[in-house]
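What follows is a set of notes on a single structure, which appears directly below.
The values are calculated or read from the model by the stated rules, or taken from the named source; none is laboratory data. Not measured: the values here are computed from a predicted model. Glycine also receives a Cβ, built like all others from the backbone with ideal geometry; neighbour counts cover every protein chain displayed. What goes into the accessible areas is simple: the full protein's heavy atoms, side chains included, and nothing from ligands, DNA or RNA. Shrake-Rupley method; radii C 1.70, N 1.55, O 1.52, S 1.80 Å.
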Amino acid sequence: MEQYLHTIHPDSPIQPSYIIRKFLDAQKINNLTLYLARLHEKGKPTKDHTTLLLNCYTKLKDSHKLDEFITPRTDSSDQKQPPNFDVDTAIRVCREAGLLEHARRLAKQNERHEIFIELLLEEGSLGDLQKYQEALFYIQKLDFLNAEKNMKRFGKTLIEKEPKGATEILKQLCSGFFQQQSGKTKQQNDLLIQIQFLLVYVMSKSLRNLFYNSSTVDKRKRIQATPDSFIHLFVRKQKELKEFLEYLTNEQPNSCNNTVYNTLLEIYMKDAVTRLKANLSDQQREEVESAERKIMQLLGSEENKYDMTHALALGKMYRIEQAVLYLYTKMNLFHEVVQHYQEKEDYDNVIAACRQFSNSDPSLWTHAFIYFIKSSNSKKCDREIKICLDQISKSNLLPPLMIIELLSETEVSIDVIREYIINDLHQQQLQIEQDEKEIEQHKKDITKMERQIEELSTKAKTFQGTKCAECNMQLELPTIHFLCGHSFHSRCLHTKEVKCPKCADDHEEIFSKQRGMEKSKGDHDGFFAQLKQAHGQGDAFGKVAEYFGRGVIY
C-alpha cells in the first residue's frame, strides 16, 4: 500500500483508476479510503474520486475523518485555502447519505447560499421548525442581491412557516432598509435582526431611518427590490400580504407600481364584500366599514397609481357600490352613473345624478326621460317625468313633436304633459311675435337702403363735412370725400387702397359673408351634413329655411 501511495504525484505514469480497481473489494475498504484521502491531499482528484471517498467514510461511519475532510484548510498565515475537491459533488453525496449537517457545513463554508437554505428548509419540513427561523437569519446576513434572489426562490415556504419574519425581510428589501450583517458573532447578529424586526413594527419612519443610518449598521448605497416580484409569494397569506403592501404604499409610495396598488385594492374589496352577508356582528360590521374607508382613501389618493379600468372591474365583481360610482364619476362615465341607479329603480338618485352632471352632459335628461316613460312603473313616475320635461324644454334638447311621438307609445297620461304643451305653445307664440318684429324691422331697413341706393344713383351727393374724420381738424385741400359721408385730409389716409377707414371693417364683414354664401352654393356635402344633424335634433325645416334666407338656395 505504501508503494501505491508513492505513485501519487502529478507526473506519475500510473492512473489512479488502475489502483482503485484493486481495492474495490469490501474487505479492502480501509486501504481504498487511505489511497483516496492521500489522492485528495497531493493529487488531482475528480468528482468521482470525491464521491467514492465520501461513500467510504459513510460506509465506515468515520465521522471524525469526514469532519476533518470537509473542514477548510489554512496556510501558514491562517489564510483559508480553497478546497481540493468538487464542493457541489461533496454536498450531493452527503445529502444522499443523510448527512445533512455535514452538507450544511460544506454549503455554508463555501458560500453555496441556495443549497444551504434549501437544506435548512428540508430539515424544517422533517419537524425541526427552528430551521425556518435560522434560514431567515442566514438570509439577513447575505448581501442584497443574494438575499433578494433567495427570497424569490424560498420566500413562499418561509412566509408559510415564519410569516412575520419573512414579511419583515421583504419590507426591508423593497424599502431600501435592508443591510447585510457582518463582522459580528451569531448571537449579536441574531439579536440585531430581532431588534430590526421590532423597529419595523413599533417605530416611526424617522426613528427607523435614524437606526439604519447609525454606526450599528454599515452605511451603504440604498438599493430597493421591486415589490410586485414578491406578491405571488403570499398566495396563502392574505393578512401578511395586506400588511406588506400597506407598509410599502405608506412608507415608499414612489417605488410602488400599478400592480401593488391594484392588489391592495382587491384585498380591501375582499374584506368589504362580507357586508353582503347577513347577521354580521358589531366587530365584523366595523371591519367592513374600515375596509370601505380604506378603499375610498386608496381610490382618492394623490398618487393615483392604480389602473382605473382594473379597479372598476374589481368594484363590479365584488359589488362595492361606493367605489363603482366614484370611478364612474372620475372617468366621466355619467351615463353609467344614471344607469346604475336606473337598474336599482332608485328614481330620486337618477334625478340627483342628472342634476349633478347635466352641465357636462345635458343629454342625461333625455336618457332619464326615455327611461321613466318606458318604465314598468311609469304611472308612478309623474313627478320625475315632469322634472325631465322641464329641463328638456329649458335646454331645448328635444323638439316637442318628438316628445309627443315618444309619449304616444307609452301609458303616460295627458295630464303629465299638459303643462309642458301649454308652456311650449306659449314659448312658440312669443317666438313668433319676436320673429314678426324682426321681420318688420328688416323691411324698414330694406326700404331705407333702397331709398339710399336710389338717391346715390340719381341725385348728386352733397358733402357738408367741415372737419377731418381722422384728425378732427378743419378740412384743407387736398380733401377726399367718401359716399358714406366721411371726409379726410389726403395726408390722413395711411393706405394706398381708397377705402373709408371708419367703415372698412363693417364693409369687410358684409363682403366676407357674401363670399361665404357664394362659396357655400357649391358645398353640397356640407349642406347635407348640417341637414342630417338638424334632422337628428328635429329641426331640419329650420336649416333649409336658414339657407333660403341666406340666398344660398334659389
Which of the residues that make up region 85-108 are in contact (Cβ under 8 Å) with a residue 40 or more places away in the chain, closer than 19 Å to residue 128 by Cβ and either buried (at least 20 other Cβ atoms within 10 Å of the Cβ) or within 47 Å of the chain's Cα centre (by Cα) (or both)?
-> 94, 99
Between residues in region 258-269 that are more than 11 Å from residue 298 (Cα to Cα) and residues that are among the acidic types (Asp, Glu), which pairs lie under 7 Å by C-beta distance while being six or more apart or on different chains?
-> 258/307; 259/228; 260/228
Test residue 336 against the criterion of being outside any loop (DSSP other than H, G, I, E, B) and either over 28 Å from residue 392 (Cα atoms) or in contact with a His (Cβ under 6 Å, 6 or more places away or on another chain) (or both), and give yes or no.
-> no
Applying the selection to region 522-538, what residues are at pLDDT below 70 and either surrounded by 15 or more Cβ atoms within 10 Å (Cβ to Cβ) or within 41 Å of the chain's Cα centre (by Cα) (or both)?
-> 536, 537, 538
Some residue of region 392-399 being open to solvent by 50 Å² or more (accessible area, probe 1.4 Å), charged (D, E, K, R) and assigned to a loop (DSSP other than H, G, I, E, B) = no
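Within region 354-375, can one find any residue that is farther than 25 Å from residue 333 by Cβ and either open to solvent by 20 Å² or more (accessible area, probe 1.4 Å) or at pLDDT 90 or above (or both)?
no
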Would you tally the residues in region 452-506 being in contact with a helix residue (DSSP H, G or I) (Cβ under 8 Å, 6 or more places away or on another chain) and in a helix (DSSP H, G or I)?
-> 0
Scanning region 252-261 residue by residue, those open to solvent by less than 20 Å² (accessible area, probe 1.4 Å) and assigned to a helix (DSSP H, G or I) turn out to be 260, 261
Might you check whether a residue that is surrounded by 10 or more Cβ atoms within 10 Å (Cβ to Cβ) and of a type in the set (S, T, N, Q) occurs anywhere in region 470-480?
-> yes
Looking at region 124-170, which of its residues are in contact (Cβ under 8 Å) with a residue 60 or more places away in the chain and among the basic types (Lys, Arg)?
-> 152, 156, 164
What are the residues in region 422-451 that are of a type in the set (Asp, Glu) and in contact with a helix residue (DSSP H, G or I) (Cβ under 9 Å, 6 or more places away or on another chain), if any?
-> 424
Considering only region 353-412, state which residues are under 42 Å from the mean Cα position of the chain (by Cα) and either touching a residue at least 40 places away in the same chain (Cβ under 8 Å) or at positive phi (or both).
-> 396, 398
List pairs: first in region 465-478 and touching a residue at least 60 places away in the same chain (Cβ under 8 Å), second assigned to a loop (DSSP other than H, G, I, E, B) and among the aromatic types (Phe, Trp, Tyr), Cβ under 6 Å, 6+ apart or cross-chain?
-> none
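Just to be sure before I move on: is residue 249 touching a Cys at 6+ places or on another chain (Cβ under 6 Å) and either at pLDDT 90 or above or assigned to a helix (DSSP H, G or I) (or both) in the structure I sent?
On the way: touching a Cys at 6+ places or on another chain (Cβ under 6 Å): yes; either at pLDDT 90 or above or assigned to a helix (DSSP H, G or I) (or both): yes.
For residue 249, the condition - touching a Cys at 6+ places or on another chain (Cβ under 6 Å) and either at pLDDT 90 or above or assigned to a helix (DSSP H, G or I) (or both) - is met.
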